[in-house]
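The values are calculated or read from the model by the stated rules, or taken from the named source; none is laboratory data. Predicted, not measured: the structure shown is a model, and the values here were computed from it. Cβ placement follows ideal geometry from the backbone for every residue including glycine, while neighbour counts extend to all protein chains displayed.
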Amino acid sequence: MIADRYQVLGRLGAGQHGEVWRVHDRNLDAEYALKLLGPSQIAGPWAEAQLLNTLSGDFILNIRNADTTPEGTRYLVTDVAEHGSVADRIDPSLGVPEEQAVSWIREACNGLARVHRHGLLHRDIKPENLFVTSSGRCVVGDLSLAGRQDASGRVHAGGTLETMAPEVGAVGVPGYRGPAEVYDVRSEVFSLGATLYWLLTGRPPVTGVRYQDAATADPVDLWELAPHVSRGTRDITMKAISRDPASRYPNPSELAAALGGRRKPSRCWTRVAPHSGHERCYEGIRSGSSLNLCVLLQPGTREYIFQVRHSRAGRRGPEDAATTMASGLTRKIRSVIRAIG
């Protein structure tokens, strides 16, 4: 029993910032998710319980309580995310289809805009903290690191390395002499962009296990990992994860507007599991018509050949039999996709 109110039913998971349990709330006779926050945590929602309880609404996982047990352990209670997080939907090799990834991030932007209007910053946006509803929409969850903005709009540095902005990572580097209150709305935009990058490519833009890695990260161009993604989405994502905060979108609403207003390609491309003997395979759909674009390594050579086929009829499509060497593979994939239209 936790706080003489929540009966523990089972473990839901554990992360960098605490353990999550499925509990039965004896007061409300309902099941929820309760996160016990780790003792090393230096900021959190217990001082913001009343404010957090006002956040419930569209695009935010319902928050039921934020308090401290009689023993001094802080906790946060939310609805149970029965359908998992967007992290559960990421295939490390294929990522997530572009339109789905964009839709989830736009919804996350809407949720964060509400958080920001209440004077808070989430501080830990990542795929594991964006949850999927029964209708397939994305809601922002786990505000266990949420902090109130100071007069300058900043909070203490925090987050997870894989989606951490460089200016935030710099605070944890040994020898840092600046202020710890560097996390602001543009840092949150970086984390949103990093999450979108992760969804599209199957891997985070920041790799490594040290704050130095986040502070000095120079992410690979999204097209190097996901050349099938449209130019508009690629450009918006790379802008959102700019090293310079001033070069990013000023807030989540502007990022959502950019994603919503981007020019969509005439044919929507998705990376799919490779067919037998193929290196990479993509499917492009337009008005119900589907093309398969496959990349094969020619036997006995270092040259790749492209195979373009209409999915149903098997007829050859534009750019069929185009070739390239390994050094120009991603560039050639982009070229072929543009030519196909």
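Listed values, structure above:
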read-out	value
Residue that is surrounded by the most Cβ atoms within 10 Å (Cβ to Cβ), among those in the stretch 178-204 that are out of contact with any Gly (no Cβ under 6 Å at 6 or more places or on another chain), in contact (Cβ under 8 Å) with a residue 40 or more places away in the chain and part of a loop (DSSP other than H, G, I, E, B)	204
Any hit, the stretch 230-250, residues being of a type outside the set (A, V, I, L, M), touching a Cys at 6+ places or on another chain (Cβ under 7 Å) and in the same structural domain as residue 98 (by TED's automatic domain parsing)	no
Condition met for residue 169 (in contact (Cβ under 8 Å) with a residue 12 or more places away in the chain and under 17 Å from the mean Cα position of the chain (by Cα))	no
Residue within the stretch 36-49 that is part of a strand (DSSP E or B), modelled with pLDDT of 85 or more and either touching a strand residue (DSSP E or B) at 6+ places or on another chain (Cβ under 8 Å) or buried (at least 20 other Cβ atoms within 10 Å of the Cβ) (or both) present	yes
Restricting the stretch 55-109 to residues that are of a type in the set (Asp, Glu) and part of a strand (DSSP E or B), the residue that is surrounded by the fewest Cβ atoms within 10 Å (Cβ to Cβ)	91
The stretch 125-158: number of residues that are within 13 Å of the chain's Cα centre (by Cα) and over 20 Å from residue 201 (Cα atoms)	3
Unmet requirement for residue 239, which otherwise passes all of (1) in a helix (DSSP H, G or I); (2) exposed (fewer than 15 other Cβ atoms within 10 Å of the Cβ)	(2)
Every pair of residues 6+ apart whose Cβ atoms lie under 9 Å, when the first sits in the stretch 144-159 and is in the same structural domain as residue 178 (by TED's automatic domain parsing) and among the acidic types (Asp, Glu) while the second is in a loop (DSSP other than H, G, I, E, B) and surrounded by fewer than 24 Cβ atoms within 10 Å (Cβ to Cβ)	150/181
From 83, 118, residue being over 18 Å from the mean Cα position of the chain (by Cα), farther than 16 Å from residue 198 by Cα and at pLDDT below 95	118
Condition met for residue 33 (surrounded by fewer than 17 Cβ atoms within 10 Å (Cβ to Cβ), modelled with pLDDT under 95 and either aromatic (Phe, Trp, Tyr) or not in a loop (DSSP other than H, G, I, E, B) (or both))	no
Cross-chain or 6+ apart pairs with Cβ under 6 Å, the stretch 232-255 first and over 21 Å from residue 269 (Cβ atoms), then of a type in the set (D, E, K, R) and assigned to a helix (DSSP H, G or I)	245/186; 248/186
Yes/no for residue 333 being part of a helix (DSSP H, G or I), over 30 Å from residue 188 (Cα atoms) and either at pLDDT below 95 or among the hydroxyl-bearing types (Ser, Thr, Tyr) (or both)	no
Count of residues meeting criterion [within 18 Å of residue 258 (Cβ to Cβ) and either among the charged types (D, E, K, R) or in contact with a Ser or Thr (Cβ under 8 Å, 6 or more places away or on another chain) (or both)] in the stretch 177-197	9
Among residues of the stretch 158-173, those that are part of a loop (DSSP other than H, G, I, E, B) and surrounded by fewer than 24 Cβ atoms within 10 Å (Cβ to Cβ), counted	2
